[in-house]
Every structure is written in structure tokens, then in C-alpha cells.
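**Q** First the structure, which I've put down as C-alpha cells, then a few questions once you've had a look.
FYI, it's all coordinate maths here, none of it is from the lab. These numbers were taken from a predicted model, which means no experiment stands behind them. All Cβ positions, even for glycine, are placed from backbone atoms using ideal geometry, and neighbour counts span all protein chains on display.
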Amino acid sequence: MAKKWMKIGFLFLVVAIASFAVWSYVVTNVEQPSYQKLSSEDSVEMRTYPDLVVAEVSVKGKRTDAIKKGFRLLADYIFGNNKANVKIAMTAPVIQEGCESSLDEWMVRFVMPSNYRLEDLPEVNNEKVRLKIMPGKTYAAITFSGRGSDENLRKHHQKLTEFMRTQNLPLESKIIYAFYNPPWTLPFLRRNEIWMEVDKR
């Protein structure tokens, strides 16, 4: 019995090491949008992002289903299903935001690499994919690990809301979820974030 548990423990260690290697590669080799860090306290940062060039799709349904479907549609575009048959490098994070007009509709976005201007992007083949500028804003952002489950997101949204109240920051209804890792990443190695807008410009 002891040998059996030793084997299980060894296999878990191998999986953890492999996942960490993949996670390290993704974090260090996938471009992320630059931002200015204004302040930091525990797991919360105040950040100002510039205008970001994004590809986005609108998907109806449960949040967890919507991000999977949205990811597939956007991945299809950057992997070459566009008018120019050009592949575009993957970036992180994948951004998800609820639509104000509908409770069961979600916007899923990929940030385009920084060397692309909006006019440089290949035209879409799938009309569901839209290319646009996401205006630069200042956000309070909380970073946390674990799965991107509704329960985990609710818990950290509450923490971020409490932080904003203690800082006398204006509370906005808009919540943005940001997911940095592929789905096979072990939960304790994942980087998830919630962004809440603190100004309008």
C-alpha cells in the first residue's frame, strides 16, 4: 500500500513539474499588455492601461460556456481563418466581460500583439469576430490563483469590492475577468484577475 501511494505521489510530482514548465513558458513567452502600476496593496494593484487593439465576439449562455465558445471563435481568427490567411501570435490574458444589455450575453476578447494597429489586422472571415479599440482606462485589479469558477470569481470580486470601499474609490457595475493560463494548468499555478474600472475617460 505504501508503494502504491509513493507511486501516486511521484506521478503527481511529475505532473506538477510539467505543468509548472508549461506555465513558465506561457508566462515568459506570451505577450501581455503593458500597463502603468500606480499602487499595490496585497493582491490588489491600481493600473492604467493604454488603448488596446482587440478582437472580440459576443456569446450568449452561461459564463463558463461562453468563454469556451468565444475562445474557439477568436482562436480560429488568429490561427489563420482570415482574409489574408495570416497567423497572429497568441497573447494573454483572455478577457471576458458581461454585456450591459443582457444578463446571459458575454464579450470575449483577445488582445492583439502590440506591433499591430487596428488597420494592420487582417479582415475577418467570420462576421461574429469584431476588431476594435478597447479604450485605455484605470482599473483596480485583484490577482488570484485557482480555477476560474463562478465561486472563486465571486469570492475575489467581494474582496476587490471591499478594498475599493476602504479606499473610497467609485464602484462601477462593470466587471472584467482576465484569465492568463491554458485550461490544463494546475489550479495553484493559474493566474486569474478581476478588473474594476475606477474612472471614465
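**Q** Consider Ile175 carefully, then state whether it is under 18 Å from Pro93 (Cβ atoms) and buried (at least 19 other Cβ atoms within 10 Å of the Cβ).
**A** The answer is no for Ile175.
**Q** With the condition kept exactly as written, say whether any residue in the range 186-193 is touching a Lys or Arg at 6+ places or on another chain (Cβ under 7 Å), surrounded by 14 or more Cβ atoms within 10 Å (Cβ to Cβ) and acidic (Asp, Glu).
**A** No, the range 186-193 has no match at all.
**Q** Could you count how many residues in the range 41-62 are outside any strand (DSSP E or B) and surrounded by 18 or more Cβ atoms within 10 Å (Cβ to Cβ)? Steps first, please.
**A** Kept after step one, since they are outside any strand (DSSP E or B), are these residues of the range 41-62: 42-43, 49-51, 61-62.
Then keep just the ones that are surrounded by 18 or more Cβ atoms within 10 Å (Cβ to Cβ); that gives 49.
Qualifying residue count, the range 41-62: 1.
**Q** Considering only residues that are touching a helix residue (DSSP H, G or I) at 6+ places or on another chain (Cβ under 9 Å) and surrounded by fewer than 20 Cβ atoms within 10 Å (Cβ to Cβ), which ones fall in the range 130-140?
**A** The answer is Leu131, Lys132, Ile133.
**Q** Only one of these is within 15 Å of Glu56 (Cβ to Cβ) and either of a type in the set (Ser, Thr, Tyr) or under 14 Å from the mean Cα position of the chain (by Cα) (or both): Val124, Val129, Val94. Name it.
**A** Answer to the check: Val94.
**Q** Something else now. Of the numbered conditions (1) among the β-branched types (Val, Ile, Thr); (2) surrounded by fewer than 19 Cβ atoms within 10 Å (Cβ to Cβ); (3) over 30 Å from Met164 (Cα atoms); (4) in contact with a helix residue (DSSP H, G or I) (Cβ under 8 Å, 6 or more places away or on another chain), Val86 fails exactly one; give the number of that condition.
**A** With respect to (1) among the β-branched types (Val, Ile, Thr); (2) surrounded by fewer than 19 Cβ atoms within 10 Å (Cβ to Cβ); (3) over 30 Å from Met164 (Cα atoms); (4) in contact with a helix residue (DSSP H, G or I) (Cβ under 8 Å, 6 or more places away or on another chain), Val86 is out only on (4).
**Q** OK, next. Out of curiosity, is Tyr35 among the aromatic types (Phe, Trp, Tyr) and without any contact (Cβ under 8 Å) to a residue 40 or more places away in the chain?
**A** yes
**Q** Something else now. Can you pull out the residues in the range 149-201 that are closer than 20 Å to Asp42 by Cβ and within 13 Å of the chain's Cα centre (by Cα)?
**A** Listed by number, the residues that qualify are Leu153, Ile175, Ile176, Tyr177, Ala178, Tyr180, Arg190, Arg191, Asn192, Glu193, Ile194, Trp195.
**Q** Residues in the range 171-188 that are within 15 Å of Gln158 (Cα to Cα) and out of contact with any helix residue (DSSP H, G or I) (no Cβ under 8 Å at 6 or more places or on another chain): how many? Step through it out loud before you land on a result.
**A** As a first pass, look at the range 171-188 and keep what is within 15 Å of Gln158 (Cα to Cα): 171-177.
Among the residues that remain, those that are also out of contact with any helix residue (DSSP H, G or I) (no Cβ under 8 Å at 6 or more places or on another chain) are: 172-174, 176.
Residues that pass the stated criteria total 4.
**Q** Looking only at residues in the range 63-84 that are free of Cβ contacts under 8 Å to residues at least 24 places away in the same chain and not in a helix (DSSP H, G or I), which one is nearest to Lys137 (Cα to Cα)?
**A** Filtering the range 63-84 for residues that are free of Cβ contacts under 8 Å to residues at least 24 places away in the same chain and not in a helix (DSSP H, G or I), the one nearest to Lys137 (Cα to Cα) comes out as Phe79.
**Q** Quick check: is even one residue across the range 166-178 in contact with a Lys or Arg (Cβ under 6 Å, 6 or more places away or on another chain) and closer than 24 Å to Ala75 by Cβ?
**A** No, that holds for no residue.
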